[in-house]
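Participant: Below: one structure in structure tokens.
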Amino acid sequence: MLDRNSQIAAVNAMDVANFDGVAADLKEIALLPDDVEKLYVMHAEAIDSHLNTPEARGAGALFVLCRKHLVLGATSLFRLYSAQMFRETRAAVEAAGIARVIQIDPHSFKVFREDDGSEAASKLARATFTSKLLFPFSILHLKLLFDFYDIASRLSHTNGLTFSRHLGRDGVSGKTTFNYQDIQKGNYARDLPHQLLWLCLAHVAILISSDVTFSGINADLQKFNQARANVYERIMRFKAVHERRFPDAGPA
């Protein structure tokens, strides 16, 4: 059992309170990640019986991984950790890019399958799965994925911007304070909806890229495609309203 003065327990208590408060504050927008998560489920149910090769099954498993990153990313954001959300999203987009490559290139699939974490295997995987290979600009859906990958990379690495987001000011002493959470209370109304909508759009882009990744699979995707279009339209309606209110919200 943790000590009653445990900092870890204190942060966990803050996380629980923040999660409930953020979900309430976001109102209908808070429901969007669940809508996107259901799209992953629909897609998996439609294609699973058609994944007849090791490469296809590997690609399908990576889309399950993307779903996991969506859930953890949304959970992080509800707890006011945007950098953690961007890390999860970067990993999801990377997984989607790898899924396509291992489907079409036997050598890349072998590299992926044999990457056991050893130094030599990891070095080969890094050299193989470059962003240029994963997100070729000649394919529109994959160029879109790169844009999300680039933003997520910049906002998840340690730099001046991501560090400064943890800094605040004590209202009594005026001293600079450090916060575990990186979304400031004064910016909730602007940043929380903006970043949650960005997260959802990133995963819709991943699900759109599945059209390329699984193009050779003869599955009935009509219901999935309609549901995906409906969710996208909902996200864009919320995005348009939010951008009219906060035109300076930025890319993410």
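Conditions tested, residue by residue: (1) in contact (Cβ under 8 Å) with a residue 12 or more places away in the chain; (2) touching a Phe, Trp or Tyr at 6+ places or on another chain (Cβ under 7 Å); (3) among the small types (Gly, Ala, Ser); (4) closer than 26 Å to Ile98 by Cα.
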site: Asp182; (1), (2), (3), (4): yes, yes, no, no
site: Asn187; (1), (2), (3), (4): no, no, no, no
site: Arg190; (1), (2), (3), (4): yes, yes, no, no
site: Leu196; (1), (2), (3), (4): yes, no, no, yes
site: Cys200; (1), (2), (3), (4): yes, no, no, yes
site: Ser215; (1), (2), (3), (4): no, no, yes, yes
site: Lys223; (1), (2), (3), (4): yes, no, no, yes
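Participant: Give just the number: which of (1) in a loop (DSSP other than H, G, I, E, B); (2) more than 20 Å from the chain's Cα centre (by Cα); (3) exposed (fewer than 15 other Cβ atoms within 10 Å of the Cβ) does Asn187 not satisfy?
Facilitator: Here Asn187 meets the rest and fails (1).
Participant: Show the residue pairs meeting these rules: Cβ distance below 8 Å; 6+ apart or different chains; first residue within the stretch 3-32 and at negative phi and polar (S, T, N, Q); second residue in a helix (DSSP H, G or I) and at pLDDT 95 or above.
Facilitator: Correct list of pairs: Asn18/Phe78.
Participant: Restricting attention to the stretch 39-61, report how many residues are touching a Phe, Trp or Tyr at 6+ places or on another chain (Cβ under 9 Å) and part of a helix (DSSP H, G or I).
Facilitator: Just the residues of the stretch 39-61 that are touching a Phe, Trp or Tyr at 6+ places or on another chain (Cβ under 9 Å), to begin with: 39-40, 42-47, 50-51, 54-56, 58-60.
Going one step further and asking which of them are part of a helix (DSSP H, G or I), we end up with 39-40, 42-47, 50, 54-56, 58-60.
Matching residues across the stretch 39-61 total 15.
Participant: Can you name the residue in the stretch 153-181 that is among the polar types (S, T, N, Q) and farther than 25 Å from Phe78 by Cβ and is also modelled with the lowest pLDDT among such residues?
Facilitator: Among those residues, the one meeting the criterion is Ser173.
Participant: To continue, here is another question. Restricting attention to helices (runs of 4 or more DSSP H) lying wholly within the stretch 100-162, give those where 3 or more residues are within 23 Å of the chain's Cα centre (by Cα).
Facilitator: Where helices (runs of 4 or more DSSP H) fall fully within the stretch 100-162 and carry at least 3 residues being within 23 Å of the chain's Cα centre (by Cα), they are 119-128, 131-134, 140-154.
Participant: Would you point out which residue out of Phe148, Phe129 is surrounded by 15 or more Cβ atoms within 10 Å (Cβ to Cβ), closer than 18 Å to His203 by Cα and at pLDDT 95 or above?
Facilitator: Among Phe148, Phe129, only Phe148 is surrounded by 15 or more Cβ atoms within 10 Å (Cβ to Cβ), closer than 18 Å to His203 by Cα and at pLDDT 95 or above.
The values are calculated or read from the model by the stated rules, or taken from the named source; none is laboratory data. These figures come from a predicted structure and were not determined experimentally. Don't worry about glycine lacking a Cβ; one is built from the backbone with ideal geometry, like all the others, and counts go over all protein chains shown.
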